[in-house]
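The values are calculated or read from the model by the stated rules, or taken from the named source; none is laboratory data. Owing to the predicted nature of the structure, the values given are computational and were not obtained by experimental measurement. When we count neighbours, we look across all protein chains shown, and the Cβ atoms used for this are built from the backbone with ideal geometry, even at glycine. Note: areas computed on protein heavy atoms with side chains; ligands, DNA, RNA excluded. Shrake-Rupley method; radii C 1.70, N 1.55, O 1.52, S 1.80 Å.
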Amino acid sequence: MRRAQADRTPCAPVRDRIADADIDAAYAIQQMNIDARIADGQRLIGRKIGLTSPAVQAQLGVDQPDYGALLSDMVLPENGRLHLDDILQPKAEAEIAFILGDGLDMKMPTVVDVLRATQFIAPAIEIVGSRIANWDIRLCDTVADNASSGMFVLGSPVRKPEGFDFTGCGMRMYADDNLVSEGSGRACLGNPLNAVAWLAARMQAMGAPLRGGEVILSGALGPMSPLSTPCHIRAEIEGLGTVAFEFGE
C-alpha cells in the first residue's frame with residue numbers, strides 16, 4: 001500500500017494475500033504502515049472512525065465500526081487546496097471532530113466519559129481515499145488501508161460540546177452550489193458520541209488509550225461524495241458551523 005501511494009497507482013485487494021476474515025492481521029498491516037510513516041517523521045495526532053453507517057456495515061458484512069490513525073501530514077488547512085493527485089480515488093464526507101482535553105483511559109467508557117473528556121467539537125470534512133483499485137474493498141482491505149484515510153479539514157467555529165444536539169444536527173455538503181450529501185448525527189451509530197465511546201473502549205483494550213489533545217473524527221453524517229473534477233467543497237452542520245476546501249489544480 002505504501003508503494004501504491006508513492007507510485008500513485010492503486011493496488012490489488014489485501015484479501016488476496018491474507019484470510020478475508022483475519023481482521024487482526026489487517027490491523028497489524030495498518031500499524032506497520034503507520035509505524036513506517038512515524039519513522040519517516042510524521043506524528044500521531046488522533047484517530048478516525050469508519051463504518052459508522054448501518055448501511056455500509058451491511059454492505060461489508062460487519063456489525064461494528066473500524067478505526068485508523070490520523071497523522072500530522074494528513075491535515076489540510078481550512079479553505080486550503082487539495083490537488084487532483086494528492087489522494088488516490090478521493091471522496092469527501094462531513095462529520096464532527098472531537099478535540100479531547102483529557103484522555104479516555106478507563107474500562108468501558110461511556111458517552112458521559114466522552115463528554116467530560118471533550119474540550120471542543122468542530123465541523124470537519126474527511127477526504128477518504130483508497131489505495132485499493134476501484135474501491136474494491138471488504139473489511140480487511142479498508143482496515144489494512146488505515147480505514148481508507150486520506151486527509152481532513154477542521155472548520156470553525158469550535159465550541160464546547162455542552163448543549164449541542166448530536167443526534168438532531170442536520171448536515172449538508174455542497175460541491176460548488178450543488179448539494180452532494182445530506183444527513184444528520186443519527187447517521188453516525190445513532191449519535192457520534194456512541195462512536196467515540198466505542199473507539200475509546202477499543203483503544204483502551206488495545207493498550208493505546210485516547211489521549212488529551214488528540215483529534216477524533218467520529219464518522220460520516222451522510223453519504224460520501226466522489227471527487228473527480230475541480231470544485232469548492234463546503235459542509236454545513238447545524239449548530240456547529242462550516243468547513244470548506246478547494247479541490248483541483
(request) Report, by residue number, each residue of segment 174-201 that is more than 18 Å from PRO54 (Cα to Cα) and more than 16 Å from the chain's Cα centre (by Cα). (result) TYR174, ALA175, ASP176, ASP177, ASN178, LEU179, VAL180, ALA201
(request) Mind listing whichever residues of segment 150-171 are open to solvent by 30 Å² or more (accessible area, probe 1.4 Å) and either without any contact (Cβ under 8 Å) to a residue 12 or more places away in the chain or more than 12 Å from PHE98 (Cβ to Cβ) (or both)? (result) MET151, SER156, PRO157, GLU162, GLY163, ASP165, THR167
(request) Output the number of residues of segment 177-216 satisfying the condition of being part of a loop (DSSP other than H, G, I, E, B) and open to solvent by less than 10 Å² (accessible area, probe 1.4 Å). (result) 2
(request) Just need a number here: residues in segment 85-114 that are of a type outside the set (Lys, Arg) and either buried (at least 18 other Cβ atoms within 10 Å of the Cβ) or touching a Phe, Trp or Tyr at 6+ places or on another chain (Cβ under 7 Å) (or both). (result) 17
(request) Output the number of the condition that GLY163 fails; it satisfies all remaining conditions of (1) more than 23 Å from ALA28 (Cα to Cα); (2) small (Gly, Ala, Ser); (3) in contact with a helix residue (DSSP H, G or I) (Cβ under 9 Å, 6 or more places away or on another chain). (result) (3)
(request) Would you mind telling me which numbered condition in (1) in a strand (DSSP E or B); (2) loosely packed, with under 15 Cβ neighbours inside 10 Å GLN64 fails? (result) (1)
(request) Output the number of residues of segment 101-117 satisfying the condition of being part of a helix (DSSP H, G or I) and basic (Lys, Arg). (result) 1
(message) Among the numbered criteria (1) over 18 Å from GLY185 (Cβ atoms); (2) of a type in the set (Ser, Thr, Tyr); (3) in contact with a Pro (Cβ under 7 Å, 6 or more places away or on another chain), which one does THR118 miss?
(response) (1)
(request) Within segment 47-61, work out how many residues are buried (at least 22 other Cβ atoms within 10 Å of the Cβ) and either out of contact with any Pro (no Cβ under 9 Å at 6 or more places or on another chain) or on the phi > 0 side of the Ramachandran plot (or both). (result) 3
